[in-house]
Amino acid sequence: MAALFTLWALLRREIALAWAGGVATPLGFFLGAATLVPLAVGAERALLERIGPPLLLVFAGLAAIMTFERLLQADLEDGSIEQWALAPWPMEVFAAVKAIAAVIAIGGPITLTAAPLAIALQTPPAAAPVVVLAVGLALAAFYGFGLLGAALTAGVKRGGLLLALLVLPFMTPPLLFAAAAISAAAAGQSSVPPLTLLSACVLFAWTLGPFGAGAALRAHSES
């Protein structure tokens, strides 16, 4: 029980750190990019309705990528990873806690602002719940894959570009399924099939991410 309380305290600490140190930049980028879309492509309703949701997902993915490099870098520099190796919990658990905190602190605000932005981009209001669900699931998948990329590039100077190249191919399927779900909801069709596939991407990301990150972090702590 004490170990669970310790893990809960770590999660709260990581959420607070992520909220204090990194939410303004990705959220500001997401809001700013989405706001500029009508200025760039025009205010034609049909065009915005067609390209708005996919662009929102692209912006959400880029906003998430901006934070991947910081997921584990500070812990490697201050020796926290070596302390994790001495704890009763496996390294995979600590890596998962870091990513969960980022999803809550950074992904949460982006997800909540996605619905009004999508409506502003001419997405039907009836599709707003699907927008929130699809963006939230997509961001969860992004951070699962981003965790693995962050662990593999931890300690690499200016590894942000390398991290993006590693993670972008994995981010493509959840982005496509999320866009398909929103498009189906906007057209009055069932969004269950693409949401099911998107959920499968989340499960895969959170299986691959923490376990791969744990192995990479153990290699860092032993080197």
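The values are calculated or read from the model by the stated rules, or taken from the named source; none is laboratory data. This is a predicted model, so every value here is computed, not measured. We place every Cβ from the backbone using ideal geometry, glycine too, and count neighbours over all the protein chains shown.
Side notes on the structure shown:
- Screening ALA185 on (1) touching a Gly at 6+ places or on another chain (Cβ under 9 Å); (2) closer than 19 Å to VAL202 by Cβ; (3) small (Gly, Ala, Ser) shows it passes everything except condition (1).
- Count of residues meeting criterion [touching a Pro at 6+ places or on another chain (Cβ under 7 Å) and closer than 20 Å to MET171 by Cβ] in segment 65-98: 4
- Screening ARG218 against (1) within 23 Å of ALA33 (Cβ to Cβ); (2) in a helix (DSSP H, G or I); (3) out of contact with any Leu (no Cβ under 6 Å at 6 or more places or on another chain) leaves a single unmet condition, (1).
- Here PHE68 clears all of (1) under 17 Å from GLY149 (Cα atoms); (2) surrounded by fewer than 24 Cβ atoms within 10 Å (Cβ to Cβ); (3) under 11 Å from the mean Cα position of the chain (by Cα) except the condition numbered (2).
- Some residue of segment 89-96 being under 19 Å from ALA216 (Cα atoms), surrounded by fewer than 16 Cβ atoms within 10 Å (Cβ to Cβ), at pLDDT below 90 and out of contact with any helix residue (DSSP H, G or I) (no Cβ under 8 Å at 6 or more places or on another chain): no
- Residues satisfying the stated conditions in segment 1-24, i.e. more than 14 Å from PRO109 (Cβ to Cβ) and modelled with pLDDT of 75 or more: TRP8, ALA9, LEU10, LEU11, ARG12, ARG13, GLU14, ALA16, LEU17
- Looking only at residues in segment 153-172 that are in a helix (DSSP H, G or I) and among the small types (Gly, Ala, Ser), the one that is nearest to LEU208 (Cα to Cα) is ALA164.
- Scanning segment 32-50 for residues that are surrounded by 14 or more Cβ atoms within 10 Å (Cβ to Cβ) and modelled with pLDDT of 85 or more turns up ALA33, ALA34.
- Residues in segment 51-88 that are among the small types (Gly, Ala, Ser) and modelled with pLDDT of 80 or more: GLY52, ALA60, GLY61, ALA63, ALA64.
- Search result, residues across segment 64-75 that are of a type outside the set (D, E, K, R), closer than 20 Å to ALA16 by Cβ and not in a loop (DSSP other than H, G, I, E, B): ALA64, MET66, THR67, PHE68, GLN73, ALA74
- Subset of segment 153-169 (residues that are more than 12 Å from ILE65 (Cα to Cα), surrounded by 21 or more Cβ atoms within 10 Å (Cβ to Cβ) and either of a type outside the set (Gly, Ala, Ser) or free of Cβ contacts under 8 Å to residues at least 12 places away in the same chain (or both)): THR153
Okay, residues lined up against (1) assigned to a helix (DSSP H, G or I); (2) in contact with a Ser or Thr (Cβ under 8 Å, 6 or more places away or on another chain); (3) surrounded by fewer than 20 Cβ atoms within 10 Å (Cβ to Cβ):
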position	(1), (2), (3)
LEU112	yes, no, yes
THR123	no, no, no
VAL132	yes, yes, yes
ALA141	yes, no, no
LEU148	yes, no, no
ALA151	yes, no, no
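- In segment 194-207, the residues that are of a type in the set (Val, Ile, Thr) reach residues that are modelled with pLDDT of 95 or more with C-beta atoms within less than 6 angstrom, at least six apart or across chains, in these pairs: VAL202/LEU137; VAL202/ALA140; VAL202/ALA141.
- Search result, residues across segment 170-193 that are free of Cβ contacts under 8 Å to residues at least 60 places away in the same chain, within 22 Å of THR153 (Cβ to Cβ) and surrounded by 20 or more Cβ atoms within 10 Å (Cβ to Cβ): PHE170, PRO174
- Counting residues in segment 194-209 that are buried (at least 21 other Cβ atoms within 10 Å of the Cβ), at pLDDT below 95 and under 17 Å from the mean Cα position of the chain (by Cα) gives one or more.
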